[in-house]
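A quick write-up on the structure given underneath.
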Amino acid sequence: MKIANTPVGFGRIQDDAFIPMGQDIVRFMETGVSSDGQAVPLASVQLLAPVQTPGKVICVGLNYRDHAAETGQAIPEEPVLFAKFCNSIIGPDADVVVPLVVEQPDFEAELAVVIGRRARAVPASGALAYVAGYTCANDVSGRDLQFRSSQWLLGKAIDTFLPLGPWLVTPEEIGDPQHLDIRCAIDGEVVQDSSTDQMIFPVADLIAFITRTITLEPGDVIITGTPPGVGMAKEPQSWLRDGERMTVEIEHIGALTNTVRLSGGGRG
């Protein structure tokens with residue numbers, strides 16, 4: 001059984017929920033039981049990304065003070081935006097498949113924000129009211145392709161390079177999104193460990209900035225930036241290797257684990 005998952009008990013599904021669903025799946029997500037009244041063990045289902053086909057995936061670069069410092073770059077005066085697409089999205093435990101043309105695969109633990117209702121020209125003071133929920137993201141990047149030109153798209157929007165999950169957690173369970181521990185571990189070794197309070201542009205400010213020119217629709221996703229510790233910034237630089245397991249963990253949300261698979265096997 002495959003489901004696009006939200007956590008049982010983490011708030012109620014609203015009538016204007018951004019994912020169109022039948023009553024059976026709504027009942028399952030609110031109660032944890034199937035239409036025949038039987039409990040469904042988590043081990044018996046394959047979790048997919050909480051959002052699989054968003055209309056837009058808007059990512060933010062250099063949005064953590066400590067990450068900007070480790071890369072030696074100036075603090076941006078306004079958000080640096082780029083895009084990913086649905087082809088990049090995978091769910092928990094799915095493989096990140098690195099194509100042969102990518103020689104410098106890297107990880108980025110990030111907080112993902114899912115929009116719950118149409119947002120246009122939204123002020124920062126009311127922006128969080130447009131959020132449907134939060135989930136973990138891993139903005140996997142091909143650094144050699146990313147920096148081939150001034151545009152990052154080539155190294156970012158690669159197939160399978162955006163794991164999302166494991167749950168979509170509603171705002172009342174999160175509280176203030178700017179006070180969440182965020183970390184990434186590679187094969188159990190913590191390589192990123194920070195807090196969302198290090199964001200240069202908080203979630204509310206990002207929504208306000210984006211919606212000045214881009215209307216956000218229900219189901220759109222904002223990927224909010226990564227803290228320090230990425231392989232690109234290490235001395236010497238360190239790239240993902242075949243078989244490594246990446247785990248992104250965010251306080252109050254959970255842990256998202258994916259395995260790296262290098263096309264051709266023995267690279268790295």
Are any residues in the stretch 208-226 under 15 Å from the mean Cα position of the chain (by Cα) and either closer than 21 Å to CYS184 by Cβ or open to solvent by 10 Å² or more (accessible area, probe 1.4 Å) (or both), and if so, which ones?
-> VAL221, ILE222, ILE223, THR224, GLY225, THR226
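Would you call LEU145 of a type in the set (A, V, I, L, M), in a loop (DSSP other than H, G, I, E, B) and over 20 Å from VAL221 (Cα atoms)?
No: the conditions fail for LEU145.
For every residue, the table says whether it meets (1) in contact (Cβ under 8 Å) with a residue 12 or more places away in the chain; (2) assigned to a strand (DSSP E or B); (3) open to solvent by less than 60 Å² (accessible area, probe 1.4 Å).
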position	(1), (2), (3)
LEU206	yes, no, yes
PRO228	yes, no, yes
GLN237	yes, no, no
LEU240	yes, no, yes
GLY243	yes, no, yes
GLU249	yes, yes, no
ASN258	yes, yes, yes
Just wondering, is there one or more residues in the stretch 156-166 that are farther than 17 Å from VAL260 by Cβ, part of a strand (DSSP E or B) and either of a type in the set (A, V, I, L, M, F, W, C) or at pLDDT 95 or above (or both)?
-> yes
Is there a residue in the stretch 64-75 that is open to solvent by 30 Å² or more (accessible area, probe 1.4 Å), over 21 Å from ASN258 (Cα atoms) and acidic (Asp, Glu)?
-> yes
Only residues that are within 16 Å of the chain's Cα centre (by Cα) and either open to solvent by 60 Å² or more (accessible area, probe 1.4 Å) or polar (S, T, N, Q) (or both): list them for the stretch 179-192, please.
-> ASP181, ARG183, GLN192
For ASP159, state whether it is under 15 Å from ILE250 (Cβ atoms), among the charged types (D, E, K, R), out of contact with any Cys (no Cβ under 6 Å at 6 or more places or on another chain) and open to solvent by 30 Å² or more (accessible area, probe 1.4 Å).
-> no
Just to be sure, is MET232 touching a Ser or Thr at 6+ places or on another chain (Cβ under 9 Å) and either in a helix (DSSP H, G or I) or over 18 Å from PRO163 (Cα atoms) (or both)?
-> yes
Would you say ILE253 is exposed (fewer than 15 other Cβ atoms within 10 Å of the Cβ) and not hydroxyl-bearing (Ser, Thr, Tyr)?
-> no
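Regarding THR196, is this residue more than 18 Å from LYS56 (Cβ to Cβ) and open to solvent by 20 Å² or more (accessible area, probe 1.4 Å)?
no
The values are calculated or read from the model by the stated rules, or taken from the named source; none is laboratory data. This structure is a prediction, so every number in the text was calculated from the model and none was measured. Reconstructed Cβ throughout: ideal geometry from the backbone, glycine too, with neighbour counts over all protein chains shown. SASA here: full protein model, heavy atoms, side chains in, ligands and nucleic acids out. Shrake-Rupley method; radii C 1.70, N 1.55, O 1.52, S 1.80 Å.
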